[in-house]
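Peer 1: One structure follows; several queries about it will come next.
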Amino acid sequence: MKFCQKCGKELLDEAVICPNCGCTVAPIQTSAPISETSAFATEDKNPQTRESDSNANMALLFAFFIPIVGIVIGLINMGKYQTKKYKDRCVAAVIVGVIVQIILIAFIMNV
């Protein structure tokens, strides 16, 4: 179903003129299928091949609160990811984890 642009009345799909206000109605345009080069088709839609960032995010989270776990998760997942963004998150998790671990050790030694 389509609607009149002027008065909003519901029209039949075949209507050329609105029976309510007499305004000419544009035909329904069917949209072409989205091509693979479209800006919205940048991600792979297959869930088995699409990468998830959950492990990279988990590595970063653990790097702050439980550094040794964040370092291990980051190192394990660095080789898993193909996408540079996720690899960078894993590298960041390892670096942050090492820094936080050094700070914790320094703090414990001084206490």
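Peer 1: Residues in region 27-48 that are surrounded by 10 or more Cβ atoms within 10 Å (Cβ to Cβ) and either part of a strand (DSSP E or B) or modelled with pLDDT of 55 or more (or both): how many? Walk me through it before giving the result.
Peer 2: Step one: of region 27-48, the residues surrounded by 10 or more Cβ atoms within 10 Å (Cβ to Cβ) are 27-28, 34, 41, 44.
In the following step, the residues that additionally are either part of a strand (DSSP E or B) or modelled with pLDDT of 55 or more (or both) were identified as 27-28.
The number of residues fulfilling the criteria is 2.
Peer 1: Tell me the residue from M58, M78 that is hydrophobic (A, V, I, L, M, F, W, C), within 19 Å of the chain's Cα centre (by Cα) and modelled with pLDDT of 80 or more, please.
Peer 2: Numbers: M78 fails: within 19 Å of the chain's Cα centre (by Cα).
Checking each option against the conditions leaves just M58.
Peer 1: Out of the residues in region 73-110 that are part of a helix (DSSP H, G or I) and of a type in the set (K, R), which is farthest from L61 (Cα to Cα)?
Peer 2: If we filter region 73-110 for residues that are part of a helix (DSSP H, G or I), which is where we start, we get 73-78, 84-110.
Those left that are additionally of a type in the set (K, R): 84-85, 87, 89.
Values: K84: 19, K85: 16, K87: 15, R89: 11 Å.
Step by step, filter region 73-110, then rank; the result is K84.
The values are calculated or read from the model by the stated rules, or taken from the named source; none is laboratory data. Everything numeric here is computed off the predicted structure, so don't read it as measured data. Backbone-built Cβ (ideal geometry, glycine too); neighbour counts: all protein chains shown.
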